[in-house]
Amino acid sequence: MRCSDATLYASILRFDDDLLVNVHFWGNAAAASPVLHLRSGAGGDAGVAANVMQSFDRVWADAQPVVG
C-alpha cells in the first residue's frame, strides 16, 4: 500500500494481470459507481487494461510507502 498526492478518478486494485477499476463519477459515491474487471492480454497489448496498468505504475512510482 502507498499514499499518493495524485488526483485520481478511479480506484485501481491490481492482482497480477487482473484489475478491478472503480470509476469515480462526479457526484456519486464510490459504492454507486461501476467496477470494471479488466485482464491484460498476452504480450502487453495496448488495450484498456494495459493503459490502466501503465497509469497505475506511474502513480505507484511516485507514491510513498505507508509506514506504520
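Would you calculate, for the chain, the mean residue ellipticity at 222 nm contributed by helices, counting each DSSP H stretch of 4 or more residues as -39,500 (n - 2.57) and dividing by all residues, to the nearest 500?
-7000 deg cm²/dmol
If you take all C-alpha pairs in the chain, what percent of them are over 17 Å apart?
That fraction is 47 percent.
May I ask you to compute the full-extension gain from Tyr9 to Asp62, defined as 0.36 nm times their residue separation minus their alpha-carbon distance, rounded to one decimal in nm?
17.4 nm is the gain from fully extending Tyr9 to Asp62.
Counting only C-alpha contacts under 8 Å and six or more residues apart, can you give the relative contact order of the chain as a whole percent?
35 percent.
Every number here is computed from the coordinates shown, using simple stated rules; none is lab data. None of the values given here were measured: they were computed from a predicted structure.
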